[in-house]
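Note sheet for the following structure.
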Amino acid sequence: MKLMPQIIDSQFLIKIIKSEANQEEKQLFENWLNESDENKEEFGTLVLLWKKVADSKLPPIPDQDIQWAKLQNQLAKLNSVEPEEAKYPPLKVVVPETELISKKKIGEKKDYGWILKVAAVFVILFSIPLLIYINKNSKSAHRVKQIISSQTESLYSLVAGKGERKTILLSDGSLVYLNVDSKLIYPARFTDSSRVVELIGEAYFSISHDASKPFKVICSNTITVVKGTEFNIKNRNDLVRILLTKGIVETFEKDSNKGITLKKGEMVTFDEKIGFSKPAKANIKHFLAWRKGKFSFSHTPLEDVMEEISRFYNVQVVFRNPAERSKNITGVFDTDSLEHIFSIISLTLDVKIDLNGSKVIVQ
Amino acid sequence: MIKIDNARVLFLLRGIKQKDEAAFKEFFFLMQPSIFYYLFKFVYNKATAEDLTQETFIKFWLNADRLDLTLSGKAYLYKIAHNLAINHSKRKPQTSAYDAEEHHLNKSDKTNMDYVFLLDDYQKAVNSLPERCRAVFVLCRFDGFEYSEIAEIMEISLQTVKNQMSKALAVLRKRLQSHLN
């Protein structure tokens, strides 16, 4: 039953392509299509055009965490410059939820907006990057708390649990990307003379340049001193790895005055028993794969692979046969499907991996 | 195209109207890619598209109390983005061929040269569309809006949307003829 003659135009045909047409419309379309070869050609061209244009390559989406942090800065700025125009208070600077460890007075709110403005400028003009990592439950936490709290500011800790990653914009405009199962302890505001934070786990730092206020990262028994740079620090299983991607940093063993200078692209490993290794060029892509949401393994024993996986997916891994622990894996994996990772590993190593809820059994 | 759950969007909009920052954050993470690409297709410059995306969300947040929850909130966001894009191109006359550097096509990718040429021609073809025409086409093709919603976003009549769309398709068909046969 047709109530009204439907006009076959581009709008109608697009509806067909998008599969939004109803039964009646589909029937109408079929009839129209069979009417003439011209119609078939017209539709064919439209489908092709529709499909092909979508294949266009576009630039990558700007990093959402950074964009979000910038947005907050801009809102804060708007608020402090033209209070009569801003309808809402600025968003909080700290992106994720934080847990207040010690309560002391936080600076006046007025100062806050000003700092943000300056911070925003620093982020844009001078940001430089670095990666650090560590694992053990920090024996040094207490000592560090003392160092940081001597800055007479509130201390906060930001915790990324298993399976979560977090980003934080510090009051000086530095950005810290916290990897899974990691913790950053930082003051609400930095003092006039230095900027000190403590890391447990792994994080990538993009530090705002400020030569008069060196930025210090305490991680296990190491202290890395930066004036403005980007680096990654990782501390897992008593090893601390510091990888520098831009600028220059100096890193010290605690209570020692002898520092090691790292240059761009170099990594140094600190072992509790042996001390520092010699700095050497490192494969940045491999060590920073986590920033792109990937796992990168290079002759990595299955035991270590599973440890990374258990941190990321919050699962528990049991090895039925100890011999499997030392089998090696090399490759880059996307983190979106655990099942997929397991299927590749089990094929490559000829092991059986069972995933049952949050339990993983390797046999 | 990025798939967006409209029910979720509506839920978030209700929160945003009540100044809920968490809702705004989720909304930002959900919509930022679409808005960025929409703007990119206007300005063909990554940095400019990035700035305008920020501006869009700021305006959106500052005007959150005026949000009309019956209107698709998505459309409202696009409306802001669209106006910014139009204003931007008024401020600064459009450069016809965009910067080779901004052109992110991987030149070293020689796996399929025809494909690369097609992309190139396609981008030029879309870029060659008159502004209104391009907006209609992009909103329909990439952002999945219906004609009526596009009319709302651009503040034009439904008939104009239809006309512009036909025009866009005709121009693209003509310009891309060699690729479509």
Exercise for the section: Within the stretch B:141-181, find all residues whose amide N lies under 19 Å from a label point positioned 7 Å from the Cα of B:Ser128 along Cα-to-beta-carbon. Expected result: B:164-181
Handout entry: For the stretch A:293-362, the Rg and Dmax computed from alpha carbons only, in angstrom
Key = 10.8, 30
Exercise for the section: Compare B:Glu149, A:Glu164 by solvent-accessible area with a 1.4 Å probe and give them largest first, with all protein chains kept in place. Expected result: A:Glu164, B:Glu149
Fill in the blank from the handout: When A and B pair up, the total accessible heavy-atom area removed from solvent (1.4 Å probe), in Å² to nearest 100, is 4300
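In the stretch B:1-47, which chymotrypsin sites (Phe, Trp or Tyr not before Pro) are in a loop and have at most 14 other Cβ atoms within 10 Å, using DSSP for the loop call?
Working: sites: B:Phe11, B:Phe24, B:Phe27, B:Phe28, B:Phe29, B:Phe36, B:Tyr37, B:Tyr38, B:Phe40, B:Phe42, B:Tyr44; in loops: B:Tyr44.
Sparse-neighbourhood loop chymotrypsin sites (Phe, Trp or Tyr not before Pro): none present.
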Practice task
Pop out the carbon and sulfur fraction of the accessible area of the stretch A:268-310 as a percent, whole number, probe 1.4 Å.
Solution key: 53
Completion exercise
Here the gain from full extension of A:Ser193 to A:Asp336, 0.36 nm per residue of separation minus their alpha-carbon distance, amounts to 47.2 nm
Exercise for the section: Report the full-extension gain for the segment A:Thr261 to A:Ser212: residue separation times 0.36 nm, less the Cα-Cα distance, to one decimal in nm. Expected result: 15.8 nm
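At a Förster radius of 25 Å, what calculated FRET efficiency corresponds to the Cβ-Cβ distance of B:Ile58 and A:Lys18, to the nearest 0.05?
0.20
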Handout entry: Separation of the B:Arg173 and A:Ala280 label points, Cα + 7 Å toward Cβ, nm
Key = 6.4
Problem - the stretch A:10-52: C-alpha pair distances exceeding 17 Å, % - result: 26
Practice task
Could you list the trypsin sites (Lys or Arg not before Pro) in the stretch A:219-263 that lie in coil according to DSSP, counting only those with at most 15 other Cβ atoms within 10 Å of their Cβ?
Solution key: A:Lys254, A:Lys258, A:Lys263
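Among the listed pairs A:Lys292/B:Lys124; A:Lys292/B:Lys59; A:Lys292/B:Lys46; A:Lys15/B:Lys162, give every one whose C-alpha distance is greater than 22 Å.
Too far apart for the 22 Å limit: A:Lys292/B:Lys124; A:Lys292/B:Lys59.
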Exercise for the section: Please give the net charge around A:Val332, taking every other residue with its beta carbon less than 14 angstrom from that of A:Val332, where Lys and Arg add +1 and Asp and Glu add -1. Expected result: +1
Exercise for the section: Provide the descending list of Cα extents for the stretch A:193-335 along its principal axes, expressed in whole angstroms. Expected result: 54, 32, 27
Problem - Residue-span extension gain [A:Gln316 to A:Gln363] - 0.36 nm each, minus C-alpha spacing - result: 15.5 nm
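The values are calculated or read from the model by the stated rules, or taken from the named source; none is laboratory data. Fair warning: this is a prediction, and the values are worked out from it, not measured in the lab. Note that each Cβ is placed from the backbone with ideal geometry, even for glycine, and that neighbours are counted across all protein chains shown. Ligands, DNA and RNA are stripped out before the accessible areas are found, and what is left, the full protein with its side chains, is counted by its heavy atoms. Shrake-Rupley method; radii C 1.70, N 1.55, O 1.52, S 1.80 Å.
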